[in-house]
Number of protein chains: 2
Amino acid sequence: MQERRPTLADVAREAGVSVTAASRVVNGGRGVAPHVRRRVQAVIDRLAYRPSPAARALAAGRADVVELVVVDDGECSLGSNPYCGRVVAGIAAELAGSPAQLRIHVVDESAAPRRLVEVAGAASLGAILVNVPADLGADFYRRCDRVVSMGRSAPRVPFIDPDNVAGARAAVDHLYRGGRRRLAAIHGPERNPCAIGRRTGYQEAMRDAGLPPLGAGGNFRREGGYAGTQRLLADHPDLDALFVACDVMAVGALQALAAAGRRVPDDVAVVGFDDSLLVSCTIPPLSSVRQPVEEMAATATRALLGGHLAAWQSTFPTTLKVRESSRPDPRRGRGRLRRRPAGWPRG
Amino acid sequence: MQERRPTLADVAREAGVSVTAASRVVNGGRGVAPHVRRRVQAVIDRLAYRPSPAARALAAGRADVVELVVVDDGECSLGSNPYCGRVVAGIAAELAGSPAQLRIHVVDESAAPRRLVEVAGAASLGAILVNVPADLGADFYRRCDRVVSMGRSAPRVPFIDPDNVAGARAAVDHLYRGGRRRLAAIHGPERNPCAIGRRTGYQEAMRDAGLPPLGAGGNFRREGGYAGTQRLLADHPDLDALFVACDVMAVGALQALAAAGRRVPDDVAVVGFDDSLLVSCTIPPLSSVRQPVEEMAATATRALLGGHLAAWQSTFPTTLKVRESSRPDPRRGRGRLRRRPAGWPRG
DNA sequence: TTGTACGCGTTATCAC
DNA sequence: GTGATAACGCGTACAA
């Protein structure tokens, strides 16, 4: 179907120079006379020469490939979780224009330990980890230090994460200012680092506000949000606000509230976390704490390409996106607002 | 950080055989004495030998890589469209276990013509195309015949698609049996092959039912669903069912209906298309025509790996998933025209 | 059945 | 500034 692709040797011969010179031109290397460079470049364009990634990888001992490793535990799979897609989009955007490419490994939870060893051994530019448990992250890091974890991992593993604590605090703050006082939360998985941060933020903010924390445990699934809301409604029928640790669960919460006959936001205000594509799909549209996943993934990618990763880490600010699900109820008067206690977090 | 990875030569030396024999064992080739095979295999395991993809690609002239090409036109980006994630998941699942890997190219609409040429030129195992317009698909096929388009493309380009026509018919059928007679549709982009199939199915089914088609054009975005629904409500205030060409638009439709004070499914039944993760996020849960995207992507991948792609094509059955948004209204008799509920219409 | 030797397209080292 | 040339790790005719 296609002719043999032109090689560097073809270019060199055609331009009347050595392959070394041609290689230098291709790679923008130093030590080539300007007129030679121009001549070679012309030939490259004419032949539509593209270097062979395989040969380049073999010779250089490293491939221009960023590995994306996603551990699929049912909650976080590419097919069913908006987060993963955003990560891919962010990496892809950063890689566009560079010769580097993105390779994806979706590994089943059970096969993860084995598969991660393989990927770590074969990684070149580096790897980005999504939903990789801390112990496996540490293991990976031991084998390959060119790695960034999306979200905190084991202590020394480079990571990038959103400011979960501040995000949760902002959500509580916003709900409090809207006059809500029976302010409950649905948390994520017990030991998930993101979930821990969001729970901490909620608890700190509630303590600062002098309110009792009302929490229900959960996973990061819709069903968990639904069940958690049912439990909370049973235990605290008078609750008037919900902070939910992720959008997917928040969707379940909205459904549970609707099923229980509570109006949103009139009876109960709801704020989710992630600001995923789901927020505009609910009725009413969901307030949510935005984490800039695409930018974070792009930053992680840049860090990998850059190289200096020793103890690298980065925390991105989160921003509260207020939508219909948490508009202040006009019936709640300002008079019901408590005075701000000392140490109340700034917005 | 890591020792030099063992090479095939290491394995051969360690096992006391030639590299050829070792290579045969690695690749499961024929012509190796059983006891030799076992001995070599033992060494491979002991050294944890993994063949170098780069060297293999260079020597064999082809890399074990499946290229996924997604044209990002704003409607179909990995970050914001559930469909793309499902494709990735399907390919990844099929590739798990094989040495082949998945490489992702998200190409901007404007850069698509240029980028597709590059990918086609460098493709090895082959490519899977998502949201690639027919003309570009034809162009790609001309340069590289190891390609499958997700959804119909230009005439000779191998493709895999859901049975859009039958899916749409099933949706209309279901709504009709639920007693709906003022049955409108919101279509997808004018020239999108999937959208065309769904529109055709709707129109055929309506004709067969002896009902006048009521259609509004749209894109595949939520806003399009919202606007289309508003238009339809304005033009046909008595409509009692909506078939929407994709879930994302259906979400918009649900919102528009809610804003207009129409109850779902009591006043208006809604059926979407795709059965994406959105269906369980709406209130009420959305009936939808399921297309098995993951399986389709896996099948496409298998086809690529298999090789015989000349004029290959495959159409997958769609199945209607009935949920709350289109439950038959008990007040409606089967086949009887509906009675107007009290308090309607308004606005 | 087994082994030798060359080629794949590129980078990098070192002489010129 | 330029150019031979040796790796890089593997597949595979071809010879034994």
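Taking the label point 7 Å from Cα in the Cβ direction, how far apart in nm is B:Ala311 from each other copy of itself, listed shortest first?
Its label point is 6.7 nm from the equivalent points in the other copies.
Charges on Cβ only, +1 for Lys and Arg, -1 for Asp and Glu, centred on the Cα centroid of the range B:8-51; of B:Ala9, B:Gly31, B:Gln41, which one is farthest towards the dipole's positive end?
B:Gly31
5 Å is the cut-off here: which amide hydrogens, built 1.01 Å from N in the peptide plane, fall below it relative to B:Leu320, excluding neighbours closer than 5 in sequence?
B:Arg290
Quick one: net charge around A:Leu214, please, counting Lys, Arg +1 and Asp, Glu -1 for every other residue with C-beta under 12 Å from its C-beta. All intermediate terms of the calculation are to be shown ahead of the outcome.
Numbers: positive: A:Arg180, A:Arg181, A:Arg182, A:Arg231; negative: A:Asp235, A:Asp238, A:Asp240.
Around A:Leu214, the surrounding residues sum to +1.
Enumerate the calculated ³J(HN,Hα) couplings along the range B:203-212 in order (Karplus 6.51 cos²θ - 1.76 cosθ + 1.60, θ = phi - 60°), each rounded to whole Hz, writing x wherever the residue is Gly or Pro.
Per-residue couplings from phi come out as 5, 4, 4, 5, 4, 4, 7, x, 10, x Hz.
Under 11 Å from the Cβ of A:Val157, count the other residues' Cβ atoms, weight Lys and Arg +1, Asp and Glu -1, and hand me the total.
Numbers: positive: A:Arg142, A:Arg152, A:Arg156; negative: A:Asp135, A:Asp139, A:Asp145.
Net local charge, A:Val157 excluded: 0.
So the label point sits 7 Å from Cα along the Cα-to-Cβ vector; using that for A:Gly61, what distances do you get to the other copies, in nanometres, sorted shortest first?
3.0
Using a 10 Å cut-off around each Cβ of peptide A:85-97, what is the average number of partner chain Cβ atoms that fall inside? Walk me through the numbers on the way to the answer.
Values: counts 12, 5, 2, 9, 11, 2, 3, 9, 6, 0, 3, 7, 1.
Per residue, the average neighbour count from other chains is 5.
Across peptide B:55-66, how many C-beta atoms of other chains are within 10 Å of each residue C-beta, on average?
On the way: counts 4, 2, 7, 8, 2, 1, 3, 1, 5, 0, 5, 0.
Mean partner-chain Cβ count within 10 Å for B:55-66: 3.
Could you go through the range A:46-55 in sequence order and give the Karplus-derived ³J(HN,Hα) for each residue, using 6.51 cos²θ - 1.76 cosθ + 1.60 with θ = phi - 60°, rounded to whole Hz, and x for Gly and Pro?
3J(HN,Hα) across the range A:46-55, in whole Hz: 5, 7, 6, 5, 10, x, 7, x, 5, 5.
Based on the alpha-carbon set only, what is the convex hull volume of the protein assembly as shown divided per residue, in Å³?
Numbers: hull volume 132.9 nm³, N = 694.
Taking the convex hull of the Cα positions in the protein assembly as shown, it is 192 Å³ per residue.
Calculate the mean, over all residues of peptide B:47-53, of how many other protein chain Cβ atoms lie within 10 angstrom of the residue's Cβ.
Numbers: counts 0, 3, 0, 4, 1, 6, 8.
The shielding value for this peptide is 3.
Could you pull the copy-to-copy label distances for B:Ala42, with points set 7 Å along Cα to Cβ, in nm to one decimal and sorted shortest first?
Listed shortest first, these distances are 6.4 nm.
Using θ = phi - 60° and the Karplus form 6.51 cos²θ - 1.76 cosθ + 1.60, what ³J(HN,Hα) does each residue of the range B:141-158 get, whole Hz, x for Gly and Pro?
4, 5, 8, 7, 8, 8, 8, 10, 9, 6, x, 4, 10, 5, x, 8, 6, x
What is the distance in Å between the Cα centres of the range B:1-66 and the range B:240-293?
Cα centroid of the range B:1-66 versus Cα centroid of the range B:240-293: 54 Å apart.
Average projected area of the Cα convex hull of the range A:8-51, in nm²? Display every interim value, and only then the final one.
Working: hull surface 10.0 nm².
One quarter of the hull surface, i.e. the mean projection, equals 2.5 nm².
For a bin width of 10 Å, list the pair-distance distribution of chain B built from all Cα-Cα distances, rounded to whole %.
5, 22, 25, 18, 13, 8, 5, 3, 0
Where a number appears in this text, it was derived from the coordinates with a stated rule and is not lab data. Note that the structure is a prediction, hence the values are computed from the model and not measured. Counting neighbours? That spans all protein chains shown, and the Cβs are built from the backbone with ideal geometry, glycine included.
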